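Here the structure comes first, spelled out in structure tokens, and everything after it is commentary.
The values are calculated or read from the model by the stated rules, or taken from the named source; none is laboratory data. Model, not experiment: these values are computed from the prediction. Here the Cβ positions follow ideal geometry from the backbone for every residue, glycine too, while neighbour counts run over all protein chains shown. Note: areas computed on protein heavy atoms with side chains; ligands, DNA, RNA excluded. Shrake-Rupley method; radii C 1.70, N 1.55, O 1.52, S 1.80 Å.
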Amino acid sequence: MPHFVIEYAREVEQHIDISELLEVTHRVGAKSGLMKPEDIKVRARPYDHYRMAGADDTFVHTTIFLLEGRTDEQKEKLSISIRSKQATLMPGVTAISIDIRDMNDIAYKKHLQ
């Protein structure tokens, strides 16, 4: 915990190494002070089929799942920081968005081995 899920148009792979996107996103989350760096999990999902407003539009959307407890201001600062770094890394991507979701700490369960 926390989970960063990056969804993107597969065409983005022509402009950036996705492992670099994962690393930059992890680094910004780690520097935020809102979570332990060793707890952050980042993964990416490409989409071959999607519809955007323009025919040549591309996107990167990051959903961040955090356990409850951060303020709206903290979440906004994290969202802006990640979006800013991603935009710098991918100037050719048409749409970059971030969404932060609170997870209920009672309902969230995991099993580690």
Long-range tail of P(r) for region 66-113 (Cα pairs > 15 Å, %): 57 percent
With Cα atoms, 0 to 90° folded angle of helix 18-31 axis to the chain main axis: 40 degrees
Specify which residue in the list I18, Y50, L67 is farthest towards the positive end of the charge dipole of the chain, using unit charges on the beta carbon of Lys, Arg (+1) and Asp, Glu (-1), about the Cα centre. L67
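With +1 assigned to the C-beta of every Lys and Arg and -1 to the C-beta of every Asp and Glu, and no other charges, what is the dipole magnitude of region 3-70 about the Cα centre in debye, to the nearest 20? Show your work: numbers first, answer last.
Numbers: 9 positive and 12 negative charges, 71 e Å.
Dipole about the Cα centre, nearest 20: 340 debye.
Once you list every other residue whose beta carbon is under 15 Å from the beta carbon of G33, what net charge do they have if Lys and Arg are +1 and Asp and Glu are -1? If you can, show how the numbers build up before the last one.
Numbers: positive: R27, K31, K36, R70, K75, K77; negative: E38, D39, E73, E76.
Once positives and negatives cancel, what remains is +2.
Tell me, what is the percent relative contact order of the chain, built from C-alpha pairs under 8 Å that lie six or more residues apart? Numbers along the way, then the final one.
On the way: 168 pairs, mean separation 39.7, N = 113.
Normalised by residue count, the contact order of the chain is 35 percent.
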Count the lysine pairs in the chain whose Cα atoms lie under 18 Å apart, taking only pairs 8 or more positions apart in sequence or on different chains. 13
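Sum -39500 (n - 2.57) across every DSSP H segment of at least 4 residues in the chain, then divide by the residue count to get the 222 nm mean residue ellipticity, nearest 500.
Details: 2 runs with 32 residues, N = 113.
Here the helix-only value at 222 nm equals -9500 deg cm²/dmol.
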Could you give the length gained by full extension between L22 and S97, i.e. 0.36 nm per residue of separation minus their alpha carbon distance, to one decimal place? 25.5 nm
Most fluctuating of H61, H15, H26 in the GNM of the chain (C-alpha, under 10 Å) is H15
Rounded to 10°, Cα long-axis angle of helix 72-89 versus longest principal axis of the chain: 30 degrees
For region 59-110, size of Cβ-based charge dipole, Lys and Arg +1, Asp and Glu -1, in debye: 220 debye
For S32, tell me the accessible area in Å² from a 1.4 Å probe, rounded to the nearest 10. 40 Å²
Using alpha carbons only: equivalent-ellipsoid semi-axes of region 1-104, gyration tensor based, whole Å: 24, 14, 12
